[in-house]
Amino acid sequence: MKSPKGSDFAERQKSSIEAKQAMLAKFNAAPKFDDPQRVAERAERAARKAERIQAEKVAKDDAAEADAAQERNQAASDAEKKAERDRKYAARKARK
């Protein structure tokens with residue numbers, strides 16, 4: 001009795017072998033690890049990563065510098081406010 005699909009064991013085996021050979025051909029056609037184009041792409045990716053890291057480092061340094069400047073301005077402002085408060089307090093004591 002034949003299978004409903006109309007193929008016997010030999011045909012299924014043959015199609016299986018052909019499918020395996022097609023997969024192997026596809027794998028062999030893929031670019032290899034040491035392919036010059038892939039090497040160049042990896043080098044380019046590494047260069048972009050280095051640039052990105054450098055830019056992040058510069059941005060972090062700039063942010064830290066801005067925070068330090070803001071802290072200095074806040075300290076100066078606080079000192080001015082304290083001096084003004086002390087001057088008012090001294091003036092009020094002098095009136096009494």
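In table form, for the structure just shown:
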item	result
Residue list for segment 34-52, filter: open to solvent by 90 Å² or more (accessible area, probe 1.4 Å) and at pLDDT 95 or above	Glu44, Arg45, Arg48, Lys49, Glu51, Arg52
Meets criteria (open to solvent by 100 Å² or more (accessible area, probe 1.4 Å), at pLDDT 90 or above and not aromatic (Phe, Trp, Tyr)) for Lys57	yes
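The values are calculated or read from the model by the stated rules, or taken from the named source; none is laboratory data. None of the values given here were measured: they were computed from a predicted structure. These area figures cover heavy atoms from the full protein model, side chains too; ligands, DNA and RNA do not enter into them. Shrake-Rupley method; radii C 1.70, N 1.55, O 1.52, S 1.80 Å.
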